[in-house]
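These notes are about the structure you will find just below.
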Amino acid sequence: MTRKLFGTDGVRGQANSWPMTAELALKLGAAAGRYFRQDGKNGHRVVIGKDTRLSCYMLENALTAGLTSTGMNVLLLGPVPTPAVGFLTRSMRADVGIMISASHNPATDNGIKFFGPDGFKLSDEAEAEIEAILEGECLLAAPGDIGRAKRIEDGRGRYVEYAKTTLPRGARLSGLKVVVDCANGAAYKAAPEVLWELGAEVIPLGVSPNGRNINDGVGSTKPQLAAETVVAHGADIGICLDGDADRVLILDEHGQVADGDQIMALFASRWAAEERLNDGTLVATVMSNLGLERFLQGQGLHLERTNVGDRYVVERMRNRGFNLGGEQSGHIVMTDYATTGDGLIAGLQFLLAMAETGKPASALTRQFDPVPQQLRNVRYGAGQAPMEAAAVKAAVRDAEARLTGRGRLLIRKSGTEPLVRVMAECEDPALLDEILSGIVAEIEAAL
């Protein structure tokens, strides 16, 4: 069964344009409600969280209407991080969890992500079945079986308390000055609260959402302000979250950025030394740097690669029993603690490494020397298929031949935006630039 509506991370698009319309959200809610209430019994429940986008109000209400129309009881969490939805879906014994967010995208976008009763994102097969129900005629509940909606006031507080339990009992962050950039997003209250309650001196950024400023000049995709703030305040570390707080970048005391690959390398090394890295394996995507793979090999550890998307990382981890994985972009998945990427809990684990080793962030964020890597994006229009052009195919074949034994090339379509992503790695920066420029030029010429 194929999926047309769902991408690599739920349904996503520009707000108030298909598919991110109230009409579609209502139908999607009804379809999801019918899928999770196939036994026809009452009492089924769904939790809904959201980030701080203005359009979340519209989509939240539409989803609620659709879900209750099929007999689902809806528990509204308000603004909470995506991993909080995964956690609370399990904690509150819900049948499904829904997060309304477009993650690191601008405020004009939005998205809808589904979690199953186990707190993990739905499989491709489950999403395809929901699509099939949506495209058909959805059976509504009888008048007496319509669901109820209730707002849960302490959802964020429950997540805050859980996040603190992921550190060893008695662990404190006293003496650490932490800049935390919440991207004016879903963790704007939760992240500073957790850090302060654990004893850190907290300098918050991106904690004044107005519905339109999520990820705007702040957050993991725009860490410049946080870097400047770390240096200006003499902070020990910067923690940059994205709009729904499922990814993180770490800034050292000099404002230098460490991506997900460096963070995963640190955690894998520490966990292996503590004999708690399952099967000595880290799971990452095809985008992770070749330097990470070489670093792990040097420590007798293994890197398993998946397709791009944290859902595929988690799928591999669950199928093979691995407990650490993630993406270069900053999704850090630790299934000992969370069912999806959790930027805040990953930040806490990094702070724990600082506290236990006594080392500054700069000594922990440079686990390996990355192989020079470039990523370029080419936007295409509806109906365009530039990768099918003969000239593009020829340029790709030539590039792969030139990189043999010296690096690698990866070209793929984005699962969330109309972009062709061209990534290459090579020890020779000049050759890397030449190859990337040539391929991008051919793709652009084919548009």
Any aspartates and glutamates with Cα under 16 Å of the residue 393 Cα? List them, leaving off those in the same chain fewer than 8 positions away.
442, 444
What full-extension length gain, to one decimal in nm, is calculated for residue 57 and residue 108 as 0.36 nm per residue of separation minus the Cα-Cα distance?
17.0 nm
Setting aside same-chain residues fewer than 8 positions from residue 113, which aspartates and glutamates have a Cα under 13 Å from its Cα?
9, 51, 60, 124, 127, 244, 246, 310
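Ordering 197, 253 from largest to smallest accessible area (1.4 angstrom probe), what's the sequence?
So the residues, ranked largest to smallest area, are 197, 253.
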Out of region 92-146, which GluC sites (Glu not before Pro) are coil in DSSP terms and have no more than 14 other C-beta atoms within 10 Å?
137
On each of the three principal axes of the Cα atoms of the chain, give max minus min coordinate, whole Å, ordered largest first.
68, 61, 42
Gyration tensor on Cα atoms of region 1-138, a ≥ b ≥ c root eigenvalues, a/c under 1.5 rounded, else prolate if a/b beats b/c, else oblate, says rounded
Return the subset of 50/150; 41/150; 4/413 for which the Cα-Cα distance in this structure is over 21 Å, preserving the input order.
none
Rounded accessible area of residue 423 (nearest 10 Å², 1.4 Å probe)
0
With unit charges on the beta carbon (Lys/Arg positive, Asp/Glu negative), name the residue among 178, 152, 415 whose Cα is farthest towards the positive pole of the charge dipole of the chain.
152
Would you mind putting 428-441, 154-167, 394-407 in packing order, based on average other-beta-carbon counts within 10 Å, highest first?
154-167, 428-441, 394-407
Sulfur and carbon atoms: percent of accessible area, the chain [1.4 Å]:
48
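Using a Förster distance of 41 angstrom, determine the FRET efficiency expected from the C-beta separation of residue 445 and residue 125, and round it to 0.05.
0.60
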For the chain, what does the accessible surface come to per residue with a 1.4 Å probe? Please give it in Å².
40
With a cut-off of 8 Å between alpha carbons and a minimum separation of six or more residues, what is the relative contact order of the chain in percent?
13
Comparing 87, 114, 295 in a Gaussian network model of the chain (Cα, 10 Å), the one with the largest mean-square fluctuation is 295
Residue 369/residue 8 FRET efficiency (R0 35 Å; Cβ-Cβ; nearest 0.05):
0.75
Based on Cβ point charges of +1 for Lys and Arg and -1 for Asp and Glu, what charge dipole magnitude is obtained for the chain about its Cα centre, in debye rounded to the nearest 20?
880
Charge-dipole axis of the chain as Lys and Arg at +1 and Asp and Glu at -1 on Cβ define it, positive-most pick from 446, 105, 76:
76
Per-residue accessible area, 1.4 Å probe, largest first, puts 331, 254 in the order 254, 331
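The values are calculated or read from the model by the stated rules, or taken from the named source; none is laboratory data. Source: prediction; values computed, not measured. Every residue, glycine as well, gets a Cβ built from its backbone with ideal geometry; the counts of neighbours run over all protein chains shown. For accessibility, only protein heavy atoms count, side chains too; no ligands or nucleic acids. Shrake-Rupley method; radii C 1.70, N 1.55, O 1.52, S 1.80 Å.
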